[in-house]
Amino acid sequence: MSKSNFGYWKEVVGLEEYDFPHLIKLDEANIRLARIAQSRVSEIRKAIATNRLVDIQVQPGWGATTLFRYMADNVKNNKLNLSVLFDFEKDNFQDSDLSEKDFIFQVKWKLANGILDIMLTHALQECYMFEVFKFEDTGEKPWRAYMREKRRELNECMGNSKRFYESFPFFADMEITECVDYFLKNFQIQTIFMYLFPREADEDDVLDFTGIIKNIFDGKQVAPAAIREVFFLTPKMFQMMRQCYERPYMHIQYQQYSAAEIYGMLVNTYKLSDNTSATISDVFEQDFISCVYDKTMTLDEIMKQVETKIISVLECEKYEVPYKLTMKKYNKKTEVENE
């Protein structure tokens, strides 16, 4: 009865289309619905602003993917940043097929894509823009029309390194470190690399990738402000990476969210379909999270316990199901018998 009452309650309040109370997975399109305290965001932004290497260590199952996507969106909003993102959860990091040559191509394609986006929206030094995309100002074709053509061409060679290097010789001739130095020197643009490691990645895959990074950057002369590298990973993954390539990282031990923060995530992401002005706080109390909250569990495990707690308080007749759920049990017959 209690499970069917839970389904009935979700219909009453307008949550029947959702897997409430489980946290909604946020992708790039709706990542701004994420609720992350600004003090946490400010700590990360300050670290990136003042350090070339930043590792953000997130406990397994505590929202590293959402944090990565939220900070990536946050960084991209700054016109002086060119972000190069690698989400290895989405890009099948564990397929073990990422060679150094392939990785360099992917980085250069992302660099070309990022700087092209910036050039289409911001005024930069023309002579240097022309050099990057080999534009000759003969008067026959406007610069912006030429860049739109280069955009289409770039998209067409996304998976074709040979065609990319033929069509964009600037990136064929320059090393990655030379590209980021050029962007800083001539455009005052800083390049930020952001990596998300899957929490269950194989150790060999982590070490292989770290070796690629080492080959690209180790011993290369790069202006201190030209580049930032930010790693989102578990403490275990960070130790693996550090064993292979020791560098002066700025460490952020990302603390687990509190019960109040988790409740805020629910309020921010769940919308009641039948009432545009109401929120989760109008139909559901934080106490359900607080009473099961345990840092030794993952977020998913906590929300499973929350669901179990909700079902337990709805052990009542259907007509007794309330609009707003509280920790109070609603079986009047049981209450009378207890008296």
message: The conditions are (1) part of a helix (DSSP H, G or I); (2) free of Cβ contacts under 8 Å to residues at least 12 places away in the same chain, and Asp19 fails exactly one of them. Which is it?
response: (1)
- line: Within the stretch 52-87, residues being part of a helix (DSSP H, G or I) and of a type in the set (A, V, I, L, M, F, W, C) number 6
- request: Taking Leu266 as the residue in question, decide whether it is under 25 Å from Cys291 (Cβ atoms), at pLDDT below 90 and not hydroxyl-bearing (Ser, Thr, Tyr).
  value: no
- prompt: Only one of (1) out of contact with any Phe, Trp or Tyr (no Cβ under 9 Å at 6 or more places or on another chain); (2) at negative phi fails for Phe193. Which number is that?
  reply: (1)
- request: Residue by residue through the stretch 307-328, note down the ones that are assigned to a helix (DSSP H, G or I) and over 14 Å from Ser2 (Cβ atoms).
  value: Tyr319
field: Candidate set: the stretch 262-301, residues that are in contact with a Gly (Cβ under 9 Å, 6 or more places away or on another chain) and β-branched (Val, Ile, Thr); chosen: the one least open to solvent (accessible area, probe 1.4 Å)
entry: Val283
query: So is Ser39 open to solvent by 30 Å² or more (accessible area, probe 1.4 Å) and hydroxyl-bearing (Ser, Thr, Tyr) or not?
result: yes
task: Could you pull out the residue among Asp137, Asp204 that is closer than 30 Å to Gln57 by Cβ and open to solvent by 40 Å² or more (accessible area, probe 1.4 Å)?
output: Asp204
message: Return the residues of the stretch 1-22 that are open to solvent by 30 Å² or more (accessible area, probe 1.4 Å), over 28 Å from Gly63 (Cα atoms) and touching a Lys or Arg at 6+ places or on another chain (Cβ under 9 Å); say none if nothing qualifies.
response: Met1, Ser4, Tyr8
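Against the condition open to solvent by less than 40 Å² (accessible area, probe 1.4 Å), more than 28 Å from the chain's Cα centre (by Cα), free of Cβ contacts under 8 Å to residues at least 40 places away in the same chain and within 22 Å of Asn78 (Cβ to Cβ), how does Met147 come out, does it pass? Don't jump to the end; show me each part of the working.
Working: open to solvent by less than 40 Å² (accessible area, probe 1.4 Å): yes; more than 28 Å from the chain's Cα centre (by Cα): yes; free of Cβ contacts under 8 Å to residues at least 40 places away in the same chain: yes; within 22 Å of Asn78 (Cβ to Cβ): yes.
Answer is yes for this residue.
Looking at Leu98, Leu116 in this structure, which one is out of contact with any strand residue (DSSP E or B) (no Cβ under 9 Å at 6 or more places or on another chain), of a type in the set (A, V, I, L, M), surrounded by 13 or more Cβ atoms within 10 Å (Cβ to Cβ) and assigned to a loop (DSSP other than H, G, I, E, B)?
Testing whether each residue is out of contact with any strand residue (DSSP E or B) (no Cβ under 9 Å at 6 or more places or on another chain), of a type in the set (A, V, I, L, M), surrounded by 13 or more Cβ atoms within 10 Å (Cβ to Cβ) and assigned to a loop (DSSP other than H, G, I, E, B) leaves just Leu98.
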- prompt: Residues in the stretch 244-259 that are outside any loop (DSSP other than H, G, I, E, B) and surrounded by 13 or more Cβ atoms within 10 Å (Cβ to Cβ): how many?
  reply: 6
task: Taking Gln286 as the residue in question, decide whether it is modelled with pLDDT of 90 or more and over 24 Å from the mean Cα position of the chain (by Cα).
output: yes
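The values are calculated or read from the model by the stated rules, or taken from the named source; none is laboratory data. All values derive from a computational prediction rather than experimental measurement. Virtual Cβ from ideal backbone geometry, glycine too; neighbours counted across all protein chains shown. Surface accessibility is based on the protein's heavy atoms, side chains included, excluding ligands, DNA and RNA. Shrake-Rupley method; radii C 1.70, N 1.55, O 1.52, S 1.80 Å.
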